[in-house]
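Engineer: I'd like to ask you about the structure that follows.
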Amino acid sequence: MVETPISVVITGATALLPAGSGFDLVECDITIADGIIANIDPQCQTPIPEGAKRISGQDRLVCPGFINAHTHSPLSMLKGTTDRMGHVEFMWTNQADTVGRGDEEIYISAVLGCLEMIRTGTTAAIDHYPEQNCTAEAVMPVARAYADTGLRAAIALRVFDQPYSDIEPAAATPAGRAFAANMAELNPLAPRPANELIDMTRDVASNWHGHLGRLSIFPGPSNPARCSDDLLVGCHSLARELDTGVHAHLLETEIQRTLSIEAHGKSMVAHFDALGILDRRWSFAHTVWVDDDDIERLAEREAVVVHNPESNAKLGVGVAPIAKMLERGVAVALGTDGSSTNDNQNMFDAMSLAVLLPRIVRDPAANRVDTTAALHMATSGGARAMNATGALGEIAIGLHADMVLYDLRSFELAPLNDAVQQLVFSERGLSVKTVMVGGEVIYDDGCYSFGDADAVVSEALRMRQSQKTRNADLYRLASHLSGASA
């Protein structure tokens, strides 16, 4: 048996290692071979083989990279566009902002989000893509963005075969009349047949799943309220066939719960269970409007909830009962959501708010959401959502070397009284020095392996101006929907 050559040794670092249900700080050397953590030496006496790269860990805190378990790359250009909007107006404004983009616009938007995530310590993401029904042709530019920037990603292909009834205003209202008058020609959310969407997803997966060892393709039903049972069952069957996860929005708004009860006589979580598809492959973004029975089912079936505290708060859709979920044993990951409803791709903000919100609403189980729980959501919880438990989310032998090195002499981390608390409450990414994915350095001391980040920003500025004039009719429609119930 030929041993895999050692490629990197991080020497004399302070590492945040898993320890039971928490973390331990350990001074150690970390050896990486073929992108995998091959050894952790607390004696700090690892020899540096010829040809291996040595990275000094002096004054560095080494942590697992964050996994942003719910984002939307088309929205990375849309910071500062949706303040004080409800869910309905926001959704249609998103359509006006994103429909009709060319390949380079899709690519630049995705790269912009990747670079922001990398700079703030994220090494992997689930991208629920695109904002409209997915096509095979639309995948290439976003896949190229992840390949070029070095980020690990699961692209969850957004599909739906039913109308977006949860964001259509009542027909008798002025907003409803404006909607009906315009939708025949304007609707970018036209459903497509379930079998066509399943075949498309399978075809895309055959070309891109496993690309560079960093890219995964997931079925990604937009929201069960917009999908037939045939499509939901088909997505789950395809995920089993391909051994992937499957990702969807779920019960983000109150009306989505109402629609489920009207259609099925039960919550959408209970309906999933009745279909026989509720299991650990599913990751559900938002999951705000759930009751105790839903939470028990999610825990028993080992489905993953992806908490998006900033987006939920900004759109005013509610506060997800994450404390109660953790108390009942639900697996929870963390996401930023898209930049139009968060205005950043910074997982530090998401961790902090995830801890603080249960305390603000005086959830009796609030003590379950402490800083350790938040860091688990952002790392090992995200690995669960990516169908990658045992491969990502921790610094441990045998896992991918997706790691971030922080400056221990930064204002945020010095003096280091409690590493976990300071990562959640003090840090915002300013201390990030080095980011590695699969043992490859993709960011170091302000420089990206990708190349010229300034050129990407310049392109984004130029493209944004044309996007704002392209879909004037959709923008007018979105403004008519201001205040429509969601």
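Here, each number is a calculation from the coordinates, and none is a lab measurement. Quick caveat, the model's predicted, so the values are computed rather than measured. FYI the Cβ positions are ideal-geometry reconstructions off the backbone, even for glycines, and counts take in every protein chain you see.
Engineer: By how many nm would the segment from residue 50 to residue 275 grow when fully extended, if each residue of separation counts as 0.36 nm and the alpha-carbon distance is taken off?
Structural biologist: In short, 75.3 nm is gained.
Engineer: Okay, next question. For residue 391 and residue 103 in the same chain, what is the full-extension length gain: residue separation times 0.36 nm, less their Cα-Cα distance, in nm?
Structural biologist: The residue 391-residue 103 span can extend by a further 100.5 nm.
Engineer: Can I ask one more? Under a Cβ-Cβ cut-off of 14 Å, what is the net charge of the residues other than residue 469 that fall near it, where Lys and Arg count +1 and Asp and Glu count -1?
Structural biologist: Its environment carries a net charge of +3.
Engineer: Angle check, please: helix 254-264 long axis (alpha carbons) against the longest principal axis of the chain (alpha carbons), in degrees 0 to 90, nearest 10.
Structural biologist: 70 degrees
Engineer: Quick one: helix 139-149 against the long Cα principal axis of the chain, what's the angle to the nearest 10°, folded into 0 to 90?
Structural biologist: Result, in degrees: 20.
Engineer: Remind me, relative contact order of the chain in percent, using alpha carbon pairs under 8 angstrom and six or more residues apart?
Structural biologist: 22 percent
Engineer: How many angstrom lie between the Cα centre of the range 189-236 and the Cα centre of the range 414-481?
Structural biologist: 27 Å
Engineer: May I pose another question? How about the range 34-95: which trypsin sites (Lys or Arg not before Pro) there are in a DSSP loop, with at most 11 other Cβ atoms within 10 Å of their Cβ?
Structural biologist: Filter output for the range 34-95: 84.
Engineer: Right, next: Which value in deg cm²/dmol, rounded to the nearest 500, describes the helix-derived mean residue ellipticity at 222 nm for the chain, given -39,500 (n - 2.57) per DSSP H run of n ≥ 4 and division by the residue count?
Structural biologist: Computed ellipticity for the chain at 222 nm equals -11500 deg cm²/dmol.
Engineer: While we're on this one: For the range 1-86, what value does the Rg/Rh ratio take when both radii are computed over Cα atoms and Rh is the Kirkwood radius, given to two decimals?
Structural biologist: Rg/Rh: 1.20.
Engineer: Find me the longest stretch of the chain that has none of the exposed GluC sites (Glu not before Pro), where exposed means in a DSSP loop (not H, G, I, E or B) with at most 15 other Cβ atoms within 10 Å.
Structural biologist: 51-301
Engineer: At what distance in angstrom do the alpha carbon centres of the range 316-363 and the range 277-296 lie from each other?
Structural biologist: For the range 316-363 versus the range 277-296, the Cα centre distance is 15 Å.
Engineer: Give me D for the chain in µm² s⁻¹, whole number, from Stokes-Einstein with Rh from the Kirkwood sum over alpha-carbon pairs, 25 °C and 0.890 mPa s.
Structural biologist: Estimated via Stokes-Einstein, D reaches 108 µm²/s.
Engineer: Given the Cα-Cα distance of residue 313 and residue 21 and 0.36 nm per residue of separation, how much length would full extension add, in nm?
Structural biologist: 102.3 nm
Engineer: Work through the residues other than residue 177 whose Cβ is under 15 Å from its Cβ and net out their charges, Lys, Arg +1 and Asp, Glu -1.
Structural biologist: Residues near residue 177 contribute 0 overall.
Engineer: Another one. Would you work out the charge dipole size for the chain about its Cα centre, treating the Cβ of every Lys and Arg as +1 and the Cβ of every Asp and Glu as -1, and quote it to the nearest 20 debye?
Structural biologist: With Lys and Arg at +1 and Asp and Glu at -1, about 640 debye.
Engineer: Expressed as a whole number of Å, what is the distance separating the alpha-carbon centroids of the range 131-172 and the range 1-55?
Structural biologist: Computed from Cα coordinates, the inter-centre distance equals 38 Å.
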